[in-house]
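Trainee: Sharing a structure with you now.
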Amino acid sequence: MPFLDLPSVGLRMYYEMGSPAIDPSKPTLLLLHAGVCTASFFSSQLKDPRLNDGFNLVALESRFHGRSESELRETFVAKDNSVDCLAAVDALQLTSYSIMAEGHWGVHTACWMAIERPSQVKALVLASPCPPSESPELQLAMVEDWLPWGSANKDGNGDDTGTIPDGAMKVVSDYFFGKLGREPERRAAFLESMQAHYGTGQPSIFLKIVVSWFLREPIPPALCASLTVPIMILQGGEDINTSPLAAAEAWQASFTSAQDGADLRIINGAPHLLSYTDANITNRYVLGFLSKYVK
């Protein structure tokens with residue numbers, strides 16, 4: 001399995017590519033997964049010949065999300081992840097790239113990278129962007145209700161296996177995929193991965209880190225307004241709770257300096273996690289957008 005040794009940030013990062021090596025004649029597209037997902041989340045992008053023909057595809061896996069290796073820490077937010085990803089960019093010797101990012105975790109990370117390296121990032125595709133910050137009601141529910149529920153078998157409590165209870169996992173499933181039961185196989189694979197990485201045998205600190213993401217502060221408006229790259233936002237028409245249209249519109253309004261204005265596209269009938277659940281149409285949008293701006 002491919003890893004990048006990143007001693008400057010104390011991380012051995014797992015990553016996946018669409019081809020065996022970087023082709024210097026092609027532009028590069030970095031893929032940044034959603035929270036509690038892994039680099040394999042982008043398997044449908046990495047295997048898509050349309051994207052592979054035009055781009056070097058590189059999916060980076062965040063620490064505490066799967067196979068990337070690092071010491072435990074008390075906190076880890078998207079801005080921290082952007083530092084890790086920029087270290088990976090340097091290790092791969094990439095000086096020019098676009099970013100496709102999913103969900104709160106990927107979108108915030110991508111924006112921080114573009115803010116830090118405006119000369120390197122050529123375009124942003126932001127799929128299923130959660131609100132810049134969550135409502136106080138959701139924040140309170142995650143801290144007071146879901147965290148104790150999810151941790152019921154950790155730290156000597158319950159059966160002490162670390163396993164996240166089924167009810168708490170259903171909340172996660174409904175949050176990411178909605179309550180209509182779409183994509184049962186992908187839903188099951190996602191929950192199995194989350195249980196393996198955050199549940200059975202895993203310490204409670206991982207769930208505390210996950211909950212901390214819901215307490216995030218928005219990126220300062222002046223920094224969002226400083227981004228001048230082309231930006232496309234993709235939102236699922238059935239995603240009414242996690243990444244509702246209002247959230248996508250808030251992000252669009254914040255990118256006041258984006259080239260040609262930030263482009264918002266709605267995929268009718270799609271839930272959250274578009275890159276995973278509705279990969280074919282998502283990939284077509286991505287290819288059309290990047291083909292216009294990235295050569």
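The values are calculated or read from the model by the stated rules, or taken from the named source; none is laboratory data. Since we're looking at a predicted model, the values are computed, not measured. Every residue, glycine among them, receives a Cβ derived from its backbone with ideal geometry; neighbour counts consider all protein chains shown.
Trainee: Would you confirm whether any residue within region 10-19 is buried (at least 24 other Cβ atoms within 10 Å of the Cβ) and either farther than 16 Å from Leu94 by Cβ or not aromatic (Phe, Trp, Tyr) (or both)?
Mentor: As a first pass, look at region 10-19 and keep what is buried (at least 24 other Cβ atoms within 10 Å of the Cβ): 13.
Imposing the further condition that a residue be either farther than 16 Å from Leu94 by Cβ or not aromatic (Phe, Trp, Tyr) (or both) reduces the set to 13.
Within region 10-19 (the criterion being buried (at least 24 other Cβ atoms within 10 Å of the Cβ) and either farther than 16 Å from Leu94 by Cβ or not aromatic (Phe, Trp, Tyr) (or both)), the answer is yes, since at least one residue qualifies.
Trainee: Restricting the first residue to region 140-156 and requiring it to be without any contact (Cβ under 8 Å) to a residue 60 or more places away in the chain, which pairs with a second residue that is charged (D, E, K, R) and not in a helix (DSSP H, G or I) meet a Cβ separation below 8 Å and a spacing of at least six or different chains?
Mentor: Once the first residue is without any contact (Cβ under 8 Å) to a residue 60 or more places away in the chain and sits in region 140-156, its partners that are charged (D, E, K, R) and not in a helix (DSSP H, G or I) give Asn153/Asp159; Asn153/Asp160; Lys154/Asp160.
Trainee: Mind listing whichever residues of region 69-102 are buried (at least 22 other Cβ atoms within 10 Å of the Cβ), charged (D, E, K, R) and farther than 20 Å from Pro230 by Cβ?
Mentor: Result: Asp84, single match.
Trainee: Would you please name the residue that is surrounded by the most Cβ atoms within 10 Å (Cβ to Cβ), looking only at residues in region 268-295 that are β-branched (Val, Ile, Thr) and out of contact with any Ser or Thr (no Cβ under 7 Å at 6 or more places or on another chain)? Write out each step before concluding.
Mentor: Of all residues in region 268-295, those β-branched (Val, Ile, Thr) come to 277, 281-282, 286, 294.
If we keep only those that are out of contact with any Ser or Thr (no Cβ under 7 Å at 6 or more places or on another chain) as well, we get 277, 281, 286.
Values: Thr277: 24, Ile281: 15, Val286: 26.
If we take residues in region 268-295 being β-branched (Val, Ile, Thr) and out of contact with any Ser or Thr (no Cβ under 7 Å at 6 or more places or on another chain), then Val286 is surrounded by the most Cβ atoms within 10 Å (Cβ to Cβ).
Trainee: Here is a follow-up. Which one is nearest to the chain's Cα centre (by Cα), of the residues in region 36-58 that are small (Gly, Ala, Ser) and over 24 Å from Met169 (Cα atoms)? Working first, answer last.
Mentor: So in region 36-58, the residues small (Gly, Ala, Ser) come out as 39-40, 43-44, 54.
Cutting the leftovers down to over 24 Å from Met169 (Cα atoms) gives us 44, 54.
On the way: Ser44: 15, Gly54: 22 Å.
The selected residue is Ser44.
Trainee: All but one of (1) touching a His at 6+ places or on another chain (Cβ under 8 Å); (2) surrounded by 21 or more Cβ atoms within 10 Å (Cβ to Cβ) hold for Gly66; state the number of the condition that does not hold.
Mentor: In the conditions (1) touching a His at 6+ places or on another chain (Cβ under 8 Å); (2) surrounded by 21 or more Cβ atoms within 10 Å (Cβ to Cβ), Gly66 misses (2) alone.
Condition check ((1) assigned to a strand (DSSP E or B); (2) small (Gly, Ala, Ser); (3) at pLDDT 95 or above) across all residues:
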residue	(1), (2), (3)
Met13	yes, no, yes
Glu16	yes, no, yes
Pro20	no, no, no
Leu30	yes, no, yes
Gly35	no, yes, no
Ser40	no, yes, no
Gln45	no, no, yes
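Trainee: Moving on. Just to be sure, is Ala110 buried (at least 24 other Cβ atoms within 10 Å of the Cβ) and part of a helix (DSSP H, G or I)? Steps first, please.
Mentor: Numbers: buried (at least 24 other Cβ atoms within 10 Å of the Cβ): yes; part of a helix (DSSP H, G or I): yes.
In short, yes.
Trainee: For Ala168, all conditions in the list (1) of a type outside the set (Lys, Arg); (2) in contact (Cβ under 8 Å) with a residue 24 or more places away in the chain; (3) outside the structural domain of Thr277 (by TED's automatic domain parsing); (4) within 26 Å of Pro244 (Cα to Cα) hold save one; what is the number of the exception?
Mentor: Of (1) of a type outside the set (Lys, Arg); (2) in contact (Cβ under 8 Å) with a residue 24 or more places away in the chain; (3) outside the structural domain of Thr277 (by TED's automatic domain parsing); (4) within 26 Å of Pro244 (Cα to Cα), only one is false for Ala168: (2).
Trainee: If you don't mind, there's one more thing I want to ask. Pick from region 193-205 the residues that are modelled with pLDDT under 90 and exposed (fewer than 15 other Cβ atoms within 10 Å of the Cβ): which of them is nearest to Val171 (Cα to Cα)?
Mentor: Ranking the qualifying residues of region 193-205, first place goes to Ala196.
Trainee: Still on this structure: So how many residues does region 233-266 have that are of a type in the set (Asp, Glu) and at pLDDT 95 or above?
Mentor: Of the residues in region 233-266, the ones of a type in the set (Asp, Glu) are 238-239, 249, 260, 263.
From what's left, at pLDDT 95 or above: 249, 260, 263.
Summing the residues that are of a type in the set (Asp, Glu) and at pLDDT 95 or above in region 233-266 gives 3.
Trainee: Hey, another quick one. Of the conditions (1) modelled with pLDDT of 95 or more; (2) closer than 29 Å to Ala279 by Cβ, Glu144 clears all except one; give me its number.
Mentor: Evaluating Glu144 over (1) modelled with pLDDT of 95 or more; (2) closer than 29 Å to Ala279 by Cβ leaves (2) as the failure.
Trainee: Could you identify the single residue in Met194, Met232 that is under 19 Å from the mean Cα position of the chain (by Cα) and outside the structural domain of Val171 (by TED's automatic domain parsing)?
Mentor: Numbers: Met194 fails: outside the structural domain of Val171 (by TED's automatic domain parsing).
It is Met232.
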